[in-house]
Amino acid sequence: MILIFALSIICVFLIMGTFCVFFDQAVLTRRETIYRVDTSEKKVALTFDDGPSPVWTPLILDELKKAGIKATFFMIGYHVNKYPDVARRVAEEGHEVASHGYAHSVMLYYTPAEIEQELKYTEYVIKKVTGVTTTLFRPPKAWLRKTIKAKIKSMGYDIILWSLNSKDWVRFNHHRVVNYLLKNVKNGDIILFHDSGHAFAREGGNRLQTVKAVSLLARKLKERGFQIVPVGELTGERKQWNTIPIKN
């Protein structure tokens, strides 16, 4: 009996893992969010979730600087508090800072009061550390109920999802990641990467393939005539105010 139960649990995890790898759950929650922009211009946005990381975020920033492009970083408030120097560097180098909540909690069953408290505290932490006030928010795992989406919007936030998922947390080879993205990229796409975290934790994970993918993808997109811009520029309204000097 115990063996049957154990095998059942393993099967459930295998099914869930396969589902996550081959299906992007964000497709189910896109209503009333911004996940791509309808534009005739060859522009796309690169976004990074779950950071900042003391290991991977600096390496990604190095690659972005070499490529001469700006991205959007959806930061976890807990990590901003824990690694303030890294968070500050993201802002200082001219990248867009956005909110990913404070603790990477799944917000599907949050009450309006709970979501307001978490967003306001995360906003306070980001402002305190980076000097940036942001009104861009991405929910962990993308899950939100309709009433909570309405509450978030009433607070002045845009809810940002994505149209292309790199699935970099699966640790595919970076050539495979880039080939998939290039095969499917369209004008106005918002592309999802991660600079920290893995499938079952908000921190950790190996992002070496992400670091390698950034430089290769940037080069290939430029060869195809694409311009890589922050989400706020892609949407045409960069809703943040940077109160610290930008370093060249």
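Read the figures in this text as sums done on the coordinates, not as results from a lab. What you see is a predicted model, and the numbers here were worked out from it, not measured in a lab. Virtual Cβ from ideal backbone geometry, glycine too; neighbours counted across all protein chains shown.
Quick check on packing: order 129-137, 108-116 by the mean number of other C-beta atoms within 10 Å, highest mean leading. Numbers along the way, then the final one.
On the way: 129-137: 21.4, 108-116: 15.0.
Ranked from most to least packed, the peptides come out as 129-137, 108-116.
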Counting alpha carbon pairs within less than 8 Å and at least 6 residues apart, what relative contact order, in whole percent, applies to the range 26-235?
-> 34 percent
Can you give the % of DSSP beta bridges in the range 26-235 that are antiparallel, to the nearest 5?
-> 10 percent
Applied in sequence order to the range 89-99, the curve 6.51 cos²θ - 1.76 cosθ + 1.60 (Karplus, θ = phi - 60°) yields integer Hz couplings, x standing for Gly and Pro, of 5, 3, 5, 5, 8, x, 7, 7, 9, 9, 9
For the range 36-52, list residues with backbone N below 18 Å from a point placed 7 Å from the Cα of Glu92 toward its Cβ?
-> 52
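Taking 20 Å as the cut-off for C-alpha to C-alpha distance, list the pairs among Lys70/Lys151; Lys43/Lys222; Lys66/Lys212; Lys43/Lys128; Lys70/Lys183 that go past it.
Working: Lys70/Lys151 30 Å; Lys43/Lys222 10 Å; Lys66/Lys212 12 Å; Lys43/Lys128 31 Å; Lys70/Lys183 22 Å.
Exceeds cut-off: Lys70/Lys151; Lys43/Lys128; Lys70/Lys183.
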